[in-house]
Ligand code: PMP
């Protein structure tokens, strides 16, 4: 087994130590949101108790402290994804907000009639709908990369979709519904070869995989703090400096301006140009603790542990009659999507919940992907660093019982 002391890690997550429906909680909904270690929870309290004040404005001690702590997170994110410059990191509300920002600024400014945007069949709705809205507004076209039966992108078909009309390729790094890890390095270099820019949805990848935006040469990268052991309501957008400078602002308001008069307004430098209004200061500051935490534990060790859980879950569940897997890619993060022949996913979820086991059921905000598999939804168990093989035994026990009962 792996080098991590999982019991010691579990001690740092207060929420895990409770009973649900009279059973010890087994939390397998990590792809929806991860739980938070005590250092993150304490940072929120410490902020409000000690330094709460508005940033970048006040000429007083607390405002200085809050501003310093706030900007320290930007620096940590820069290192976390290996951005070249700290100004290339924009704070957002999360992945959805980051994608909408790019659609509203880069998209409105640089995508026009007859242009094409490429997404994949496995995208989350947040990486489909903003592009559909933009296409409708601009008369542009959305093209879709198809999949094979294992839930992997068909790369030859992808290359065939690319042309000088392609302005943007927007793809998910790791699928929330299947766990598939996409070959984004290749996707990016192919797109660049026809002059297209690339946006990578990193909502599911940052907590498992090492991210190096410079090595990838990716143009835009977005993620959510709440999927990386951090707070909700906060995320980040990385963009290459030149692109961010060429893009018009997102929302108008305070902080994003240099000067305002009724004759005309001038805009602030990046990153502030994209950060109108008072941001989510407390959560940004607390996210820094999540980054420190994950770095201390080490992504390699986390990945090794999660891969072990993934293999174990696959082994245990595949031994049960009637279990069907969705998404069996070669390269996966720790997500198992499955069903039981003849049983509705929602019923499986309810019966597992009665055993204290939290899984997600349904379409996982990926309805086109469910249509591809010809199903309404799946049961998804997604694992994190604090999960154990004993918990997977409980899942398998529950699933076996349901399969026997309902079949
Ligand atoms: N993309 C993927 C792959 C996701 O898993 C999620 C969250 N389920 C999102 C985008 C949207 O993230 P958020 O809801 O945090 O904006």
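Any read-out appearing in this document is the output of simple, stated calculations on the displayed coordinates, not a laboratory observation. As the structure is a prediction and not an experimental result, all values here were calculated from the model. Backbone-built Cβ (ideal geometry, glycine too); neighbour counts: all protein chains shown.
Things worth noting here:
- Estimated [θ] at 222 nm from DSSP helical runs (n ≥ 4, -39500 (n - 2.57)) normalised by residues in the chain, nearest 500: -11500 deg cm²/dmol
- Taking a ≥ b ≥ c as the square roots of the eigenvalues of the Cα gyration tensor, an a/c ratio of 1.5 or more together with a/b no larger than b/c marks region 1-127 as oblate.
- Per-selection Kirkwood Rh - region 70-123 (Cα, Å, 1 d.p.): 13.4 Å
- Distribution of pairwise C-alpha distances over region 6-81, 10 Å bins, in %: 15, 32, 29, 18, 6, 0
- Compactness of region 87-228 is given as radius of gyration and Dmax, 14.0, 41 Å, from Cα positions.
- Region 78-168 has equivalent-ellipsoid semi-axes of 24, 19, 13 Å, by the square roots of 5 times the alpha carbon gyration tensor eigenvalues, sorted largest first.
- Applying D = kT/(6 pi eta Rh) to region 258-333, where Rh is the Kirkwood radius over alpha-carbon pairs, T corresponds to 37 °C and eta to 0.692 mPa s, the Stokes-Einstein value obtained is 185 µm²/s.
- Principal axis extents of the C-alpha atoms in region 172-309 (largest first, rounded to whole Å): 62, 42, 25.
- Where only alpha carbons of region 140-203 are counted, the Rg and the Dmax (Å): 11.4, 31
- Estimated FRET transfer efficiency (residue 346, residue 23; beta-carbon r; R0 22 Å; 0.05): 0.65
- Residue 389 versus residue 164: modelled label distance in nm, points set 7 Å from Cα along the beta carbon direction: 5.9 nm
- Take the Kirkwood radius over Cα pairs of the chain, plug it into Stokes-Einstein at 25 °C and 0.890 mPa s, and you get 110 µm²/s for translational diffusion.
- Taking 74, 404 and counting other C-beta atoms within 10 Å, the order from fewest to most: 404, 74
- Ranked packing of 18-25, 143-150, most packed first, by mean Cβ within 10 Å: 143-150, 18-25
- Take 332-338, 345-351, 136-142, 122-128 and order them by the average number of nearby Cβ atoms within 10 Å per residue, most first; the result is 332-338, 122-128, 345-351, 136-142.
- Coordinate range along principal axes, alpha carbons of region 303-407, Å, largest first: 33, 30, 22
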